[in-house]
Amino acid sequence: MKLNMSKMIFISMIFVSSFISLSMNNWFSMWIIMEISLFMFIPLMSKNKISDQSMKYFIIQSISSYLFIFSIIINSMNEMYINNPLTLLSLMLKIGMPPFHIWKPEIMSKLPWMECLLLTTLIKIPPMILINKLISFKMLMIPLLITLIIGSLSGLNQLNLKKMMAFSSIFNLPWMSSAFLISKKIMLTFLIFYIMLNFKLMNLFKLNNLNYLNQLNFLPLKTKMTMNLNMLSMSGLPPLLGFFPKWMILNELIKTLVILPSIMILTSMISMFMYIQINYLHMSNFSLKKKNFKNNTAKSFSILNLMVFPMMLIFWM
């Protein structure tokens, strides 16, 4: 479907509402922002003739919204506005955090790539802000550890690229949550890099009409190398671009905690193993010959992926 005016309006509203939420402190305004994102996203799903998936998504998000409002009412009656388990449960369901994550890979597997990008990036920003404002980090610890383990292990046996990206999004939820808790500078750095890497990778999948792993075998070597570099960068492999924000988060977390950074490193290694295994399987049949990169966009992003160490030095000087 071509990018018509209504689709541009829906995407613009999601974009604006997500970034307005970064400057809000009122829970009621945040809830309105989340509902705006929901009602702007559902027409995008419906236009692609996947009304059953849009109905599933609407039901799940409606249940989570009702639970959130109910928990806030209970909080106001008890004069206790933080650390309500029902509030945490409702927001975990809304963003697809384990053990309430089953709906996310199933819905994403039927969506087009650009809708997958919105679901994994912009739409989960307002709920993540609410989680970090209403729930203490001590209460979040166990859900974050479960999310890291399930997100890294569930992606190992996936052949569907959209489901693999869904589990990658789930795995990055604890990293994003930690970035929100540490500082605004680290939070914005992580968001910019994460959205940029997701956009580049999903755009490559869309342009090459890819949905399954075995389809990577039929790609040109240049495209395959660019895609593999982006996958490794998503997993946080040094010295690529995706390592930079994760290194910043670990550098701050390890000053106060030990268990969470340790599990983050171990599960990241599992995630890296998955991407390296994919790279090996698809690159083993090719001999690397000297080729000119005619696609300037792919070449520039590959260079950007390898410029992380100079950026790190400039950032911390």
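Could you provide, to the nearest whole Å², the per residue accessible area of the stretch 5-316 with probe 1.4 Å?
So the stretch 5-316 comes to 46 Å² accessible per residue, rounded to a whole number.
Roll a 1.4 angstrom probe over the protein heavy atoms and tell me the percent of accessible area of the stretch 5-316 that is carbon or sulfur.
70 percent
Nearest 0.05, what FRET efficiency do LEU207 and PHE58 give at R0 = 35 Å with Cβ-Cβ as r?
0.75
Compute, for ILE265, the solvent-accessible surface of its heavy atoms (probe 1.4 Å) with the complete set of protein chains present, and express it in square angstrom to the nearest 10.
The accessible area of ILE265 comes to roughly 80 Å².
Please give the FRET efficiency for PHE39 paired with ILE74, using the beta carbon to beta carbon distance and R0 = 22 Å, rounded to the nearest 0.05.
0.30
Distance in nm between label sites at PHE273 and VAL16, each 7 Å beyond Cα in the beta-carbon direction?
Label-label distance for PHE273 and VAL16, simple model: 4.7 nm.
How many angstrom lie between the C-alpha centres of the stretch 186-254 and the stretch 155-175?
Using only Cα atoms, the two centres lie 12 Å from each other.
Mind listing which trypsin sites (Lys or Arg not before Pro) in the stretch 5-70 are in a DSSP loop and have 15 or fewer other Cβ atoms within 10 Å?
LYS49
Classify the stretch 140-214 from the C-alpha gyration tensor, please: rounded if a/c falls under 1.5, else prolate or oblate depending on whether a/b exceeds b/c.
oblate
For the pair ASN26 and ILE192, how long in nm is the line joining their label points, each one 7 Å along Cα→Cβ?
About 3.0 nm separates the two model spin labels.
Hey, which of these cross-link pairs are over 30 Å Cα-Cα: LYS56/LYS184; LYS7/LYS133; LYS200/LYS255; LYS7/LYS104; LYS124/LYS246?
Correct reply: LYS56/LYS184; LYS7/LYS133; LYS200/LYS255.
The values are calculated or read from the model by the stated rules, or taken from the named source; none is laboratory data. Quick caveat, the model's predicted, so the values are computed rather than measured. Don't worry about glycine lacking a Cβ; one is built from the backbone with ideal geometry, like all the others, and counts go over all protein chains shown. Surface accessibility is based on the protein's heavy atoms, side chains included, excluding ligands, DNA and RNA. Shrake-Rupley method; radii C 1.70, N 1.55, O 1.52, S 1.80 Å.
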